[in-house]
Structures are given as structure tokens and as C-alpha cells.
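One structure is given here, and the rest of the page talks about it.
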Amino acid sequence: MEDRRSQLLDAGLELVATEGLGGLTHDAVDAGAQVPAGCTEECFPTREALIQGVTERCIERELEMATGPRPEIEASPEGIAASFGHFVLRALGEDRAVTLARYALHAEAARTPSLREFYAVGADTADTWALDLVRRAGARHPERDFGIMANYVTGLVFHELALPSPEFDPVDRLRVLIRALGWNAP
Amino acid sequence: MADRRTVLLDAALELVGTYGMRGLTHRAVDAAAAVPAGATSNYFRTREALVLGIVERFIVRERAMVSGPHNEVDLSPDGVATALGRFVRRAVGPDRAVTLARYAILVETAQNTGLREGMARGADQVDTWALSLITGAGSQHPGRDLGVLANYVTGLVLHELALPSPDFDVEARIRALIDTFGWVTPQFSLDRPDTTDVV
């Protein structure tokens with residue numbers, strides 16, 4: 001069973017995705033999660049705590065989107081292209097709400113410096129995991145290449161969300177990028 | 001001096017950047033631009049016309065953010081890295097309203113497919129210009145390289161906006177990416193015909 005915290009935060013995430021951060025209130029989360037009034041406030045006493053919780057949840061779900069149903073990703077160029085490509089498809093499809101919520105949270109962090117520190121912690125968790133994977137897959141400059149791939153994927157999702165390309169094949173796009181980065185043959 | 005239409009669109013862009021799409025009404029634009037009530041409605045009859053006007057305007061402003069005050073980009077890997085670096089610095093700094101407005105409008109486009117045609121037209125114009133730029137700078141695979149650079153720069157701006165890096169050397173990062181593409185600058189091969197590693 002999914003725990004109560006995730007249930008509340010997923011409802012919060014949907015709200016942020018559809019209505020922006022303005023739509024995120026304790027009452028609205030209670031209603032969205034179909035729990036008795038007051039539950040959300042009990043878990044997240046302040047609005048700031050609620051925003052932080054949703055940010056944390058966003059990062060958890062992005063990590064899950066990247067790793068997919070399989071916990072292990074093959075550490076090879078093809079394995080990474082498949083896994084990043086899979087992330088892009090989920091970010092545009094079934095997990096579109098995570099993507100839209102993330103833009104709203106990013107914009108909020110741009111306006112509210114106190115949110116940044118928290119966002120940085122979450123971002124580090126995801127980065128450490130991915131950096132190790134890229135290194136094992138043959139990158140000769142793992143930090144540079146992961147930085148390039150992370151920004152590339154963010155931009156790709158962002159552009160495709162607004163203006164979908166016909167016959168979009170993210171796995172192939174990632175493959176082309178990895179080839180340009182010149183990884184060692186497995 | 002900027003014409004009235006441009007003044008209205010810049011005011012609208014600031015509004016969207018600050019308050020999101022919810023802040024965008026004809027009256028709010030009148031007030032922000034300090035023009036008589038009704039002026040914005042005269043130029044842009046519907047909300048959709050106003051949004052498309054903003055899309056047009058941010059394309060012009062983004063291009064100016066790349067090419068700088070003299071509307072000139074040196075056609076070389078360094079020149080492109082400098083121009084894109086300038087764009088990123090302005091996008092997270094003085095022109096942050098343009099960036100936030102762009103995000104708000106892209107998200108709206110994701111939800112309202114009616115806006116896609118106008119966005120796509122703007123995107124095509126930018127692509128045509130940028131393709132000729134990087135081809136001139138020596139790209140051997142302009143389609144591939146532009147796709148990578150455009151997505152990379154967008155991601156970079158998005159991350160820097162929320163989480164500024166302490167010592168952010170954007171030109172060096174973009175230059176490192178361009179180096180992976182293997183551009184061959186025409187000038188370089190003309191001046192140094194004996195350089196065997198440039199083919």
C-alpha cells in the first residue's frame with residue numbers, strides 16, 4: 001500500500017501541475033487526495049513544508065521515471081540511451097504532471113531563494129546516481145557528459161511538451177548525442 | 001523610440017514573467033504600460049492574439065539576447081560559444097522576465113494546443129537563422145548540432161534559474177560541448193591549409 005505521505009504529495013503535485021503553485025493549499029490537497037479535512041495540515045504544518053514536500057516528491061518520481069520498472073540499468077551507451085529515452089517518454093506521457101509541476105517549482109525557486117537550498121539537496125541525490133552510471137557506461141569525461149545530457153534531456157522534454165515532433169524517437173536522439181560525446185566502446 | 005505595439009508587448013511579457021499567465025489581461029497590460037484603458041484591446045482583440053503577440057516579441061528579444069547590441073556573431077566555435085553564453089547570462093539575469101514568460105507560455109501551449117501553430121512558426125524562424133549561423137561557424141551536421149545546442153541551452157537556463165552554480169562559466173561549458181561536434185571553421189582551414197587534423 002502506498003503510504004499516506006506519498007498519497008498527499010501526489011495529490012499536491014497534480015494540483016501544482018494543473019493550477020500552478022497558487023492552487024496548492026492544504027484544503028485542496030485534502031480534497032484531491034480524498035482524505036478527511038485537516039490531514040494535510042497534520043503532515044505538513046506550513047505552506048512552506050508542503051511546497052518542500054511536493055518538491056521532494058517530484059524528485060522521487062523523476063528518479064523512478066529514470067530507472068523505470070527495472071531497478072537496474074545496463075551501464076552501456078545503449079542502456080543509457082534507452083533509460084534516458086524512457087524517462088523522456090514518461091515525462092511527456094503518463095508522468096506529464098510531474099514535468100509540469102517541476103516547471104512551476106523551478107519558476108518558484110527562481111523567485112524565492114529560500115527554496116533553492118532544499119532543491120539543491122534533492123538534485124544532488126539524483127545526480128550522484130546518474131553520474132556513476134554514465135562513468136560505468138564508458139564516458140571519458142563523466143561530469144562533463146552527464147551535465148550535457150541532463151541539460152539536453154531537460155530541454156528536449158520542455159520543447160516536446162509544447163511542440164511535439166512527428167515520429168519523435170528520444171532513444172535515437174540520445175544515441176546520436178552519446179555518439180558525439182565519444183564514449184569508449186563497451 | 002519603440003512603437004506602441006512593442007511597448008505593450010514588453011509590458012505584457014513582464015506581467016507574464018512576474019505573475020504567470022493568470023496575470024495576463026488586457027487591462028493589466030494597459031496599466032503596466034501606462035497607456036489609456038482600451039489601448040491593448042485595440043491592438044490585440046482577443047487573449048489569443050495577445051499571447052501570439054507575446055510569442056512574436058520574445059522571439060525578437062531572444063534573438064537580440066544571442067546577437068548582442070551590434071547584431072553580430074563571429075562565425076567560429078568561440079563566436080557561437082560567446083553568443084550563446086551571452087544569451088544564457090541575460091536569460092538568467094537582466095532578461096529573466098523573458099525567460100519566465102517563455103516558460104509560462106510553453107506550459108500554456110502544452111495545455112492549449114490552439115497556440116501551437118503560432119509557436120511552431122516562431123520556432124521555424126529561429127531554427128532557420130540558427131542553422132545558417134552554426135553552418136557558417138563550421139558545423140558538419142547542423143541539424144544534429146542545433147538540436148543538441150538548443151536543448152542544452154534551454155536546460156542550462158532552466159537549471160541555473162532555480163539553482164545558480166557558484167562559479168558558472170557558461171562560455172566554457174558551451175565551448176566544451178561544441179568541441180565534441182568537431183566543427184571545421186572555413187577560415188581556419190583556409191589560413192592553415194597544412195593542418196592535417198582538419199579535414
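What to note about this one:
- Burial order of peptide ranges B:90-100, A:97-107 (average beta-carbon count within 10 Å, highest first): A:97-107, B:90-100
- Distant alpha-carbon pairs in segment A:4-181 (separation over 31 angstrom), percent: 20 percent
- Chain B: angle of helix B:4-19 to the longest principal axis, Cα-based, in degrees nearest 10: 90 degrees
- Simple spin-label estimate for B:HIS141 and A:THR46 gives 5.0 nm between the two label positions (7 Å along the Cα-to-Cβ direction from each Cα).
- Helix-derived mean residue ellipticity, 222 nm - over chain B, DSSP H n ≥ 4, -39500 (n - 2.57), to 500: -23000 deg cm²/dmol
- Each Cα pair under 8 Å and six or more residues apart adds its sequence gap; the mean of these over the residue count of segment A:4-181 is a relative contact order of 25 percent.
- Order of B:TRP183, A:TRP129 under a 10 Å beta carbon neighbour criterion, fewest first: A:TRP129, B:TRP183
- When shorter helices are ignored and each DSSP H run of at least 4 residues is given -39500 (n - 2.57), the per-residue value for chain A at 222 nm works out to -24500 deg cm²/dmol.
- Counts of other chain beta carbons within 10 angstrom of each beta carbon in peptide B:96-103 average 2.
- Alpha carbon convex hull of segment B:1-123, projected area averaged over orientations, nm²: 8.1 nm²
- Peptide B:156-166 has a mean shielding of 6, counted as Cβ atoms of other protein chains within 10 Å of each residue's Cβ.
- Principal semi-axes in Å for the protein assembly as shown [√(5λ), Cα gyration tensor, largest first]: 35, 31, 17
- Cβ-to-Cβ counts within 10 Å put A:LEU174, A:LEU21 in ascending order as A:LEU21, A:LEU174, the fewest first.
- Cβ crowding within 10 Å ranks A:GLU41, A:GLU48 as A:GLU48, A:GLU41, fewest other Cβ atoms first.
- Put a dot 7 Å past the Cα of A:GLU74, heading toward its Cβ, do the same for B:THR128, and the two dots end up 4.3 nm apart.
- Those residues of segment B:33-61 whose amide nitrogen sits under 20 Å from the label point placed on B:ARG27, 7 Å along Cα→Cβ: B:33-51
- Take the Cα of B:SER67, step 7 Å toward its Cβ, do the same at A:GLU64, and the gap between the two points is 4.8 nm.
- Rounded to whole Hz, the Karplus (6.51, -1.76, 1.60) HN-Hα couplings of segment B:118-129, x for glycine and proline: x, 5, 5, 4, x, 5, 4, 4, 4, 4, 4, 5
- Dividing the mean sequence gap of close Cα pairs (under 8 Å, 6+ apart) by how many residues chain B holds gives a relative contact order of 24 percent.
- Crossing angle, helix A:170-181 versus chain A [Cα axis fit, 0-90 degrees, rounded to tens]: 50 degrees
Only the coordinates and a few stated rules stand behind these numbers; no lab work does. All values derive from a computational prediction rather than experimental measurement. No Cβ is skipped: glycine too gets one built from the backbone with ideal geometry, and neighbour counts run over all protein chains shown.
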